[in-house]
Amino acid sequence: MIAFQLTEDQKMLQELAHEFSANEIVPVAAQYDRENAFAWPVFKKAQEVGLINLNIPEAYGGPGLSTLDEGIVNEELAWGCSGIATALGVNALASWPIILGGSEEQKREWLGRLIDGQFASYCVTEPAAGSDVVHIRTQARKVGDHYVLNGSKTFISNATVANFFVVFAKTDPDAGHRGMSAFIVERTQPGVSTSSHFDKLGQRASDTAEVFFEDVELLPSRRLGRDGDGFGIAMGVFDRSRPTVAISAVGVARRALELALQYSKERETFGHPILSYQAIGHMLANAAMDIHAGRLLAWHAAWLVDNGMRNTSEAAYAKAFAADMCMRVTTDAVQVFGGYGYMKEYPVEKLMRDAKVFQIYEGTSQIQRNIIVRELARH
Ligand SMILES: Cc1cc2nc3c(=O)[nH]c(=O)nc-3n(C[C@H](O)[C@H](O)[C@H](O)COP(=O)(O)OP(=O)(O)OC[C@H]3O[C@@H](n4cnc5c(N)ncnc54)[C@H](O)[C@@H]3O)c2cc1C
């Protein structure tokens, strides 16, 4: 059966997230963007309302929402500010490896900590390996009954505020993707440090920094799954994170369209509102079509994984399409605003800056196309 209607619960969730975004995020978004600062008060309120840790199962104290439900929330939060929305979503990203690969004991301990208010980061990317995940160099060497972790990670979201890190490292450097494992590392452990957060083009309210590990001792109880399970865990996370990132891009594009439409009704040139000109109207029509298509792709990719089906291609379609679409739509919104669009007093230049990273993080738009063609070639 195909159904395009949200359930009553999903509509309520959407409304809750939209109200929160309109009342708590929109009024402060420009300030946090300007100050390149972490929106602590928004975070605290989101915790109170229950808009973070959405994917944590009920058995471990979370609401246990589906990926589709999480996407519905993300669209509304990113509509308000995708920088703040990214920061709010990092716990979900970091908790997936624990949900997918953790033991019962690990789930109780670490998911419980997130529910109790702690933060975690997801650490794959390194200075010399982003797209090329298999070639990460961070190493967890077995010494006696424990591991010793050495290496560094970069561009890690929420790194400066995280209480613990989910870290992907090589346990067998010669075994390719089979030599990668995932570990939980606490910020307070000797040998763990972070840089200050980066000064970014967009999504400036999300904290992004480096994480360093120098001779960090880890007991086997900190390993998720078995030695060598890390790559499979990371790929399982992508199947769930890419649809929710795609839907965040939809939220940003939707905001850009709303603002551009409003402005095009008010702004007059040559004695007429600019909306009356076909060149402007068609830009808005293209945006409306693309946003709708992006949302459907993201919902479908989420629905597949929620129903236990393989979604590798569909998650890549959604991520690449929505990211590229968001860049196009936000750039067109600046065009609709003309010179004012280029000015920081108007909201659309921020949307265009924020949009760019959707084409980069969680796998670039080029990597998504590589995945799609690889999947096509399999058949
Ligand atoms: C704001 C922000 C937040 C982030 N948060 C996190 C996080 O929380 N955790 C984490 O682990 N990572 C995070 N990342 C890292 C992000 O996932 C990587 O930046 C991304 O995967 C790209 O890797 P790279 O930067 O090393 O680029 P590279 O892999 O060096 O790519 C450079 C360019 O080459 C292209 N390219 C590379 N290989 C190929 C190929 N085979 N075919 C075609 N084109 C190719 C890419 O598409 C890109 O255009 C974040 C990044 C940013 C900017």
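Starting from 0.36 nm per residue, how many nanometres of slack lie between His379 and Asp199 once their C-alpha separation is accounted for?
60.4 nm
Considering the options Ala260, Pro347, Asn311, tell which one lies farthest towards the positive end of the dipole of region 231-378, charges being +1 on Lys and Arg and -1 on Asp and Glu at the Cβ, about the Cα centre.
About the Cα centre, the residue reaching furthest to the positive side is Asn311.
What is the angle, in °, between the Cα long axis of helix 312-337 and the longest principal axis of the Cα atoms in the chain? Nearest 10 is fine, range 0 to 90.
40 degrees
Could you go through region 246-253 in sequence order and give the Karplus-derived ³J(HN,Hα) for each residue, using 6.51 cos²θ - 1.76 cosθ + 1.60 with θ = phi - 60°, rounded to whole Hz, and x for Gly and Pro?
Per-residue couplings from phi come out as 4, 6, 5, 4, 4, x, 5, 5 Hz.
What are the trypsin sites (Lys or Arg not before Pro) within region 284-379 that DSSP puts in a loop, where the Cβ has at most 14 other Cβ atoms within 10 Å?
Those satisfying the criteria are Arg310, Lys344.
May I ask you to list the chymotrypsin sites (Phe, Trp or Tyr not before Pro) in region 168-271 that are in a DSSP loop and have at most 13 other Cβ atoms within 10 Å of their Cβ?
Passing both the DSSP loop test and the Cβ count: Phe270.
Can you tell me the orientation of helix 82-101 relative to the chain, as the angle in degrees between its alpha-carbon axis and the longest Cα principal axis, to the nearest 10?
On a 0 to 90 degree scale, this one is about 30.
Can you give me the Cα centroid spacing of region 297-340 and region 144-180 in angstrom?
30 Å
Which log10 I(q)/I(0) values, to two decimals, does region 185-315 give at q = 0.16, 0.18, 0.22 Å⁻¹ under the Debye formula with one point per Cα?
Values, matching the q order: -1.02, -1.10, -1.19.
Can you compute the charge dipole magnitude of region 120-228 about its Cα centre, using +1 on each Lys and Arg Cβ and -1 on each Asp and Glu Cβ, nothing else charged? Give it in debye, rounded to the nearest 20. Before the final figure, lay out the partial values.
Working: 12 positive and 13 negative charges, 47 e Å.
I would put it at about 220 debye.
Which order do the peptides 185-193, 71-79, 24-32 come out in when sorted by mean C-beta neighbours inside 10 angstrom, highest first?
Per-residue Cβ counts within 10 Å, averaged per peptide and sorted highest first, yield 71-79, 24-32, 185-193.
State the answer as a single residue: which of Val237, Leu13, Gln139 lies farthest towards the positive end of the charge dipole of the chain, with beta carbon charges of +1 for Lys and Arg and -1 for Asp and Glu, about the Cα centre.
Final value for the positive-end residue is Gln139.
For the chain, take the longest principal axis of its alpha carbons; what is the angle in degrees between that and the long axis of helix 26-35, to the nearest 10 within 0 to 90?
Value to nearest ten degrees: 60.
Per Stokes-Einstein, at 37 °C and 0.692 mPa s, what whole-number D in µm² s⁻¹ belongs to the chain, with the Kirkwood radius over Cα pairs as the hydrodynamic radius?
Stokes-Einstein gives a translational diffusion coefficient of 154 µm²/s.
With +1 assigned to the C-beta of every Lys and Arg and -1 to the C-beta of every Asp and Glu, and no other charges, what is the dipole magnitude of region 198-342 about the Cα centre in debye, to the nearest 20?
Numbers: 15 positive and 17 negative charges, 97 e Å.
Approximately 460 debye in magnitude.
Would you list Ser181, Ser152 from the most to the least accessible area, probe 1.4 Å? Numbers along the way, then the final one.
Working: Ser181 0, Ser152 30 Å².
Descending accessible area places them as Ser152, Ser181.
Tell me, what is the percent relative contact order of region 231-378, built from C-alpha pairs under 8 Å that lie six or more residues apart?
RCO, region 231-378: 31 percent.
Heavy atoms only, probe 1.4 Å: what % of the accessible area of region 154-203 goes to carbon and sulfur, would you let me know?
Using a 1.4 Å probe with all protein chains present, region 154-203 comes out at 51 percent carbon and sulfur.
Just want the answer: with Cβ charges of +1 for Lys and Arg and -1 for Asp and Glu, which residue in Ala30, Ser195, Val334 is farthest toward the dipole's positive end in the chain?
Value computed over the given set: Val334.
Rounding to the nearest 20 debye, state how big the charge dipole of region 8-115 is about its Cα centre with +1 on each Lys and Arg Cβ and -1 on each Asp and Glu Cβ.
360 debye
For q values of 0.24 Å⁻¹, compute log₁₀ I(q)/I(0) with the Debye formula on a Cα-only model of region 1-119, without solvent.
Here log10 of I(q) over I(0) equals -1.35.
Applying the Karplus parametrisation 6.51 cos²θ - 1.76 cosθ + 1.60 with θ = phi - 60° to the phi angles of region 196-210, what ³J(HN,Hα) value in whole Hz is obtained for each residue in order, glycine and proline being reported as x?
Using θ = phi - 60°, the values come out as 6, 7, 6, 8, 9, 5, x, 6, 6, 7, 8, 8, 9, 8, 8 Hz.
Note down the net charge around Thr194, summing +1 for each Lys or Arg and -1 for each Asp or Glu among other residues with Cβ under 12 Å from its Cβ.
Charge balance near Thr194 sits at 0.
The values are calculated or read from the model by the stated rules, or taken from the named source; none is laboratory data. Just so you know, these numbers come straight off a predicted model, no measurement behind them. Cβ sites come from the backbone with ideal geometry, for glycine too, and all protein chains shown count toward neighbours. Ligands, DNA and RNA are stripped out before the accessible areas are found, and what is left, the full protein with its side chains, is counted by its heavy atoms. Shrake-Rupley method; radii C 1.70, N 1.55, O 1.52, S 1.80 Å.
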